[in-house]
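Shown next, in structure tokens, is the structure this report addresses.
The values are calculated or read from the model by the stated rules, or taken from the named source; none is laboratory data. Given the structure is predicted, the values throughout are model-derived calculations rather than measurements. Neighbour counts are summed over all protein chains in view; Cβ atoms, including those assigned to glycine, are modelled from backbone coordinates with ideal geometry.
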Amino acid sequence: MRILIDANLSPQVAQALRVAGYEAQHVGQLDMLTASDETILEWASDHGCALITADSDFGALLSIRRTSNPSVVHLRGVADQPPDLHAALLIENLPAIEDALTKGAIVSLSPTRIRIRDLPI
């Protein structure tokens with residue numbers, strides 16, 4: 001699975017995911033640190049990536065677009081936590097949500113809950 005990490009998460013998260021065997025890039029590697037959410041979403045869609053973010057705006061954008069890609073993982077309740085916690089949460093849960101992300105979904109992920117909504121919304 002290809003993964004794009006949003007600017008509001010550390011590049012260390014992408015590095016940890018690569019070590020765990022995922023093909024992960026951070027928007028900073030693509031010179032998109034200041035890109036709009038729409039541009040990031042479009043890039044993820046064009047390149048077959050699931051987008052991982054702590055930004056709730058992507059759910060609204062997906063709703064407006066009414067498409068089944070890209071999938072988005074919204075990390076909730078951990079924005080103030082260190083990157084190693086973000087990476088651990090993802091590495092622990094990605095196997096359980098990978099099929100949904102492949103089909104098209106928005107996933108809300110916190111340390112205590114996983115919520116999956118199929119796309120399009």
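Here are a few things to note about the model shown:
- The single condition from (1) part of a loop (DSSP other than H, G, I, E, B); (2) touching a strand residue (DSSP E or B) at 6+ places or on another chain (Cβ under 9 Å); (3) over 21 Å from Ala7 (Cα atoms) that Thr67 fails is (2).
- Failed item in (1) touching a strand residue (DSSP E or B) at 6+ places or on another chain (Cβ under 8 Å); (2) surrounded by fewer than 13 Cβ atoms within 10 Å (Cβ to Cβ); (3) β-branched (Val, Ile, Thr), with Ile97 passing the rest: (2)
- Set side by side, the residues Asp84, Asp55, Asp80 differ, and just one is in a loop (DSSP other than H, G, I, E, B), within 19 Å of Pro11 (Cα to Cα) and touching a helix residue (DSSP H, G or I) at 6+ places or on another chain (Cβ under 9 Å), which is Asp55.
- Once segment 47-76 is narrowed to residues that are under 17 Å from Glu23 (Cα atoms) and hydroxyl-bearing (Ser, Thr, Tyr), the residue that is surrounded by the fewest Cβ atoms within 10 Å (Cβ to Cβ) is Thr53.
- Set Asp37, Asp31, Asp6: member being over 17 Å from Ala87 (Cα atoms), touching a helix residue (DSSP H, G or I) at 6+ places or on another chain (Cβ under 9 Å) and modelled with pLDDT of 95 or more: Asp37
- Single match in Ala44, Ala79 (criterion: within 22 Å of Tyr22 (Cβ to Cβ) and at pLDDT 95 or above): Ala44
- Neighbours by Cβ (under 6 Å, 6+ apart or cross-chain): first from segment 1-30, basic (Lys, Arg); second surrounded by 16 or more Cβ atoms within 10 Å (Cβ to Cβ): Arg2/Cys49; Arg18/Ala24
- The residue of segment 18-36 that is surrounded by the fewest Cβ atoms within 10 Å (Cβ to Cβ), among those that are part of a loop (DSSP other than H, G, I, E, B) and not hydroxyl-bearing (Ser, Thr, Tyr), is Asp31.
- When Leu90 is tested against (1) surrounded by fewer than 20 Cβ atoms within 10 Å (Cβ to Cβ); (2) of a type outside the set (Gly, Ala, Ser); (3) farther than 23 Å from Asp31 by Cα, just one condition goes unmet, and that condition is (1).
- The set of residues in segment 50-88 being among the small types (Gly, Ala, Ser) and out of contact with any Gly (no Cβ under 9 Å at 6 or more places or on another chain) consists of Ala50, Ala54, Ser56, Gly59, Ala60, Ser63, Gly77, Ala79, Ala87, Ala88.
- If the condition is being without any contact (Cβ under 8 Å) to a residue 40 or more places away in the chain, over 19 Å from Ala20 (Cα atoms) and not in a helix (DSSP H, G or I), then segment 87-110 contributes Gly104, Ala105, Val107, Ser108, Ser110.
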